[in-house]
Amino acid sequence: MTATDSVRRAGLFTLHQFTVLTGILLFPLVLATRRVGVRLGFDNVLTRISHAYAAQREDEE
């Protein structure tokens, strides 16, 4: 593993954790907007970041 790979992995991990935290903090807002009929689409962002982090981990193995 090169230094670039380490930095990329750390960046993806940080982004993933930040996205999960943001999702938890925004959960009440998401519930409120769904009652009104508005969808925020936050699940798409979390899914893409999770896939990117998983792909990075698979590349290391």
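In table form, for the structure just shown:
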| quantity | calculated |
| --- | --- |
| Filter result for VAL7 (β-branched (Val, Ile, Thr) and assigned to a loop (DSSP other than H, G, I, E, B)) | no |
| Test: residue in the stretch 8-31 that is in contact with a Phe, Trp or Tyr (Cβ under 8 Å, 6 or more places away or on another chain) and among the small types (Gly, Ala, Ser) | yes |
| Selected residue (only one of THR33, THR47, THR14 is modelled with pLDDT under 85, of a type in the set (S, T, N, Q) and in a helix (DSSP H, G or I)) | THR47 |
| Considering residues of the stretch 45-58 that are free of Cβ contacts under 8 Å to residues at least 24 places away in the same chain and surrounded by 10 or more Cβ atoms within 10 Å (Cβ to Cβ) only, the residue farthest from LEU15 (Cα to Cα) | ALA55 |
| Breaking point among (1) in contact with a Lys or Arg (Cβ under 7 Å, 6 or more places away or on another chain); (2) not in a helix (DSSP H, G or I), for ARG39 | (1) |
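The values are calculated or read from the model by the stated rules, or taken from the named source; none is laboratory data. All values derive from a computational prediction rather than experimental measurement. All Cβ positions, even for glycine, are placed from backbone atoms using ideal geometry, and neighbour counts span all protein chains on display.
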